[in-house]
Structure formats: C-alpha cells, structure tokens
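The values are calculated or read from the model by the stated rules, or taken from the named source; none is laboratory data. These figures come from a predicted structure and were not determined experimentally. Neighbour counts are summed over all protein chains in view; Cβ atoms, including those assigned to glycine, are modelled from backbone coordinates with ideal geometry. Areas reflect the complete protein model, heavy atoms only, side chains present, ligands, DNA and RNA absent. Shrake-Rupley method; radii C 1.70, N 1.55, O 1.52, S 1.80 Å.
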Amino acid sequence: MQPIVIFGAGGFGREVLQLIRDINRVSPQWECLGFLSDATGSQETVAGLPVLGGIDWLAGRPEVSVVVAIGNSVARRRVVGAIQARCNNAFPALVHPRAWVGDYVEMGPGSIICAGSLVTTDISLGQHVHVNIGSTIGHDATLADYVTLNPSVNVSGNVHLREGCQVGTGSVLIPGCEVGNWSILGAGAIVTQSIDANVTAVGAPARPIKQRASGWHLEN
C-alpha cells in the first residue's frame, strides 16, 4: 500500500483519517503513517497514530504522499506552498466511497470529497479543494484552487467559485453566480448574485460586510 501522512492534527485531520480508513475498507490503497503538524507542543498521538513532526519530516521521503487536512483556505495554501518549496511529495485526490461523483468531473491534486457529497457532471475542481460532508455541486460548476465548502453547502449549476473562496456551512448558491478570489461566505449565506473578490458576505440574500485589500491572504 502507498504510504501517506495527514498534515493537520485537528478535527478535520481526524475526519480525513476516517475517510482514508473507509477507502481502505473498500479497496486497500493507503498506509497512513500518522500526522504532521507545525503547532508548538502538539500532542504525541492523534486517533491512535503518531504526530511525526512538521514539514521537515518529509525531507528525504519523496515516496510518502501527503494530504493537507486544514479547513481554512488561506492556511492550507500556505502549508502546501511550504511543502512544495522544500519537498517533492505527491498530493493525492481522495474521494470517500460514500460520495457520489458523476461523469466528467475533474479533480486537481490534493482535493478531497467527503462522505455524503454529491458532485454531478461537467464539473472542475482545482487543486486542494475541500468538498465537506453532505455538500452538493451542480452541473458545469467550477471550483478553483483552495476553495473550501464547509458541510451541507449547495452549489447550483454554472456557479464559479474563484481561488481560495471559503463557503460557510449550510450556504446556498443559485445558478450562474460567481464568487471572487479569496472571499468568505458566512454560514447560511444565500448567494443570489455574484460576489466581488476579497470580501466577507453574510445573510439571505448575501451582502458584503467587509472588504479586504487584494493580496490579503498572502499576509497571513
């Protein structure tokens, strides 16, 4: 089996471990060696597996695949960039066996589709996209790199989520909407028209409540 480690030892990291175990129950593919974390004073074990160290643990181990299980889009991008700058490990795409993924769905490296999600047809998922539990994505939707769908998000057809968008739990996006780069939608947002880049939008219908400077995600 292919060795793999999970970067991120929090709640989503444990959910990804369960996803890997569920994949292996259907078709053994992965030997999960443990977790990586750069958090100071990180615990020694998580869910019965060791916390092996930080990014430096990957040095000299190009045969070990990595899945970055960090729910925050900005933090995930930062960790992926640090790994790519120092190491040469693969980022596999993972799909839970109880997710439904239709024909003509493209997935970039490092993307994750969790249990109970429905992804229909003619859909593009970029690199390191997270489709969390119970989310749906309709036809001809595009989710660019580092997009995060929190649980129970409904993305209608022909929706375009640009790089780094973070969509809160229970949000709904109607057909044809676009959300700009690195914008954040609060939990339960109802998106009825396109949202600009670098804003936080909340409510039903969703309205911007905060504007950030372009490139704000590079400062964190």
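When the chain is treated as a GNM with alpha-carbon contacts under 10 Å, the residue of V129, V16, V105 showing the greatest mean-square fluctuation is V105. First check a/c for the range 146-220, with a ≥ b ≥ c the square roots of the eigenvalues of its C-alpha gyration tensor; if it is under 1.5, answer rounded, and if not, answer prolate when a/b is larger than b/c or oblate otherwise. The shape class here is prolate. Between the amide H of I123 and those of V105, E106, D140, distances stay under 5 Å, these residues lying 5 or more places away or on another chain, with hydrogens modeled in the peptide plane.
Of all stretches in the chain that contain no GluC sites (Glu not before Pro) in a DSSP loop with at most 13 other Cβ atoms within 10 Å, the longest one is 64-220.
Ranking of D145, D122, D103, D22 by solvent-accessible surface, largest first: D103, D122, D145, D22 (1.4 Å probe, protein heavy atoms only, all chains present). Of the residues I209, I174, I70, ranked by 1.4 Å probe accessible area with the largest first, the sequence reads I209, I174, I70. The residues of the chain have, on average, 44 Å² of accessible surface per residue, using a 1.4 Å probe with all protein chains present.
Compactness of the range 1-43 was expressed as the Cα radius of gyration divided by 2.2 N^0.38 Å, which yields 1.21.
Charge dipole of the chain (Cα centre as origin; +1 on each Lys and Arg Cβ, -1 on each Asp and Glu Cβ, all else neutral): 400 debye, rounded to the nearest 20. Sequence-ordered 3J(HN,Hα) estimates for the range 165-177 from the Karplus curve with 6.51, -1.76 and 1.60 and θ = phi - 60° stand at 4, 10, 10, x, 3, x, 6, 10, 10, 7, x, x, 6 Hz, glycine and proline given as x.
Close amide H partners of I190, meaning residues 5 or more places away or on another chain with modelled amide H under 5 Å apart, are V172, G203, A204, A206. List every residue whose amide H lies under 5 Å from the amide H of I195, counting only residues 5 or more places away in sequence or on a different chain, with H placed 1.01 Å from N in the peptide plane. Residues meeting the criterion, in which the H sits 1.01 Å from N, are E178, V179, G180. In the range 52-104, the ratio of gyration radius to Kirkwood radius, Rg to Rh, stands at 1.05 when only Cα atoms are counted. Largest accessible area first, the residues W100, W30 order themselves as W100, W30 under a 1.4 Å probe with ligands, DNA and RNA left out. To put it simply, the accessible area of the range 30-170 at a 1.4 Å probe is 48 percent carbon and sulfur.
Comparing C87, C165, C114 in a Gaussian network model of the chain where C-alpha atoms under 10 Å apart are linked, the largest mean-square fluctuation is found at C87. Convex hull volume per residue, computed on the Cα atoms of the range 71-191, equals 78 Å³.
Let me cross-check R77: its accessible surface, 1.4 Å probe, with only protein heavy atoms counted, in Å² to the nearest 10? We get 80 Å² for R77. Placing unit charges on the Cβ atoms only, positive for Lys and Arg and negative for Asp and Glu, gives the range 155-220 a dipole magnitude near 140 debye about its Cα centre. Highest GNM mean-square fluctuation among N89, N154, N132, for the chain modelled with Cα contacts below 10 Å: N89.
Largest first and in whole Å, what are the equivalent-ellipsoid semi-axes of the range 1-122 based on the Cα gyration tensor, each being the root of 5 times an eigenvalue?
24, 16, 14
Considering the range 93-164 at the alpha-carbon level, its Rg and Dmax are found to be 10.2, 27 Å. Using θ = phi - 60° in the Karplus curve 6.51 cos²θ - 1.76 cosθ + 1.60, the 3J(HN,Hα) couplings for the range 130-145 round to 10, 10, 7, 4, x, 8, 10, 10, x, 4, 6, 8, 10, 10, 6, 3 Hz; x is entered for Gly and Pro. The HN-Hα couplings worked out from phi for the range 151-161 by the Karplus form 6.51 cos²θ - 1.76 cosθ + 1.60 (θ = phi - 60°) are x, 6, 8, 10, 9, 6, x, 6, 8, 10, 9 Hz, whole numbers, x standing for Gly and Pro.
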